[in-house]
Amino acid sequence: MAFKNLRVVPQLIFGRGGLAQLGDVLRPHRTGPAIFLVDEVHRHRPWLSTLPVERDDRVMLVNVDVEPKTSYVDQLAAEIRHSVGTRPGAVVGIGGGSTMDIAKAVSLMLTNPGSAADYQGWDLVKHPGVYKVGVPTLAGTGAEVSRTTVLTGPTRKLGMNSDYTPFDQIILDADLCATAPRDQRFYTAMDSYIHAVEALRGTFINAFARGFAEKSRDLCREVFLGDVPQEQADEMLLTASYLGGMSIAYSQVGACHALSYGLSFVLGTRHGVGNCIVMRHLGEIYPGDVEEFERMVAHSGITLPAGVTSGVTEPEMDEMVRVSMGMVPLWENCFGPDWRVKMPPERCRSLLRRM
Ligand code: NAD
Ligand code: ZN
């Protein structure tokens, strides 16, 4: 058996105001202009004018009204190639999981030919990307540490998974999360709670992944079942996100993510809220955890969308089941090698119908 040889993010800054160090971070990498890809929700933030933008650099506001598509990544990479004319020295992504994934993918598409869709899969990327920095403004996805960038392409929603995908540097600055809307903050934080639960309950679990997952889950519990002031909570959630990401990097997610991918592919449901919608219906798979999740929902005063699949047609439901069932490693982690016996398409369909 060959063990996974995990590539991790080599450099990390943690702390409020850490964004101010971005200029120092970029200095040795200024072999070409720096490209700042910033979630356009931040267009009026005071910190935007403090970014270390030099003469030929570009600040590009990215739109994440829908989660990232391969076509959008291709478009941004082409725009950069045309407007900059030379190979950029750095790409910096500042935003939630969607923006960080866009930045990772754009960095790779500046050095690899073709379309991002050509690289959806495992280890298809041939060349290292442009030096890249990730700065989360929402905590939970673990996109800041992962070796993937989740993209919706012409035929599938699948990441560009490769050793070239992780950031070279991340900056975890909780000040940037302060503006996150309450519901979105909860949904995205629950992504890391669910990463932890799915890692811990899965058959791929090992001592290394367990260490990260348990601490990630503890932090989510403290924040969403306790009474932690928001400033402190944002630092804890950035930590939980990192740990959750590290945990699944050496294990895998499970049923909740597999079903959530199906929902998202057909209905465009966002990742965080999609996971929450699915999680509450998985009491038969993750009994104690779903009960705890419900307590966090109630304690946080969140009302989750319900009945989202009620208007779904039979052909759409076929597609949802196809996409969910296609997440083979997730099901293997959840149920073991005989997962097809435990999760036949009819069971998958009946779970999805309840949502
Ligand atoms: P997001 O990036 O999609 O953002 C959600 C919303 O919050 C957007 O409207 C955004 O503009 C807004 N927002 C972000 N930060 C804000 C802030 N500080 N203040 C106000 N508004 C803010 O949300 P997310 O949950 O962080 O990311 C989900 C995405 O991450 C999905 O595309 C999913 O596929 C991806 N993902 C990637 C990985 C990975 O390993 N690469 C893992 C999990 C999820
Ligand atoms: Zn997730």
If we take region 244-349, then helices (runs of 4 or more DSSP H) inside it with 2 or more residues that are at pLDDT below 95 and within 16 Å of the chain's Cα centre (by Cα) are 255-267
Under 6 Å between Cβ atoms, at least 6 apart or on separate chains: pull out the pairs that start in region 331-355 with a residue that is closer than 27 Å to ALA306 by Cβ and end on any residue that is aromatic (Phe, Trp, Tyr) and surrounded by 13 or more Cβ atoms within 10 Å (Cβ to Cβ).
TRP331/TRP339; LYS342/PHE335; MET343/TRP331
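Take GLU292 and tell me if it is surrounded by 15 or more Cβ atoms within 10 Å (Cβ to Cβ) and acidic (Asp, Glu). Steps first, answer last, please.
Values: surrounded by 15 or more Cβ atoms within 10 Å (Cβ to Cβ): yes; acidic (Asp, Glu): yes.
Spelling it out, GLU292 is indeed surrounded by 15 or more Cβ atoms within 10 Å (Cβ to Cβ) and acidic (Asp, Glu).
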Can you find a residue in region 127-148 that is in contact (Cβ under 8 Å) with a residue 40 or more places away in the chain, away from ligand 2 (no atom under 16 Å from the Cβ) and either farther than 26 Å from HIS42 by Cβ or not assigned by TED's automatic domain parsing to the domain that holds GLY18 (or both)?
no
Do you know which of the residues in region 42-97 that are in contact (Cβ under 8 Å) with a residue 60 or more places away in the chain and among the β-branched types (Val, Ile, Thr) is farthest from ligand 2 (Cβ to nearest atom)?
VAL92
When PRO33 is run through (1) within 25 Å of ASP175 (Cβ to Cβ); (2) touching an Asp or Glu at 6+ places or on another chain (Cβ under 8 Å), the failure sits at (1)
For the subset of region 51-101 comprising residues that are under 16 Å from ASN112 (Cα atoms) and among the aliphatic types (A, V, I, L, M), which member is surrounded by the most Cβ atoms within 10 Å (Cβ to Cβ)?
VAL91
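The values are calculated or read from the model by the stated rules, or taken from the named source; none is laboratory data. In this text, all values refer to a predicted model and were calculated from it rather than measured experimentally. A quick note on method: Cβ atoms are made from the backbone with ideal geometry, for glycine too, and the neighbour counts reach across all protein chains shown.
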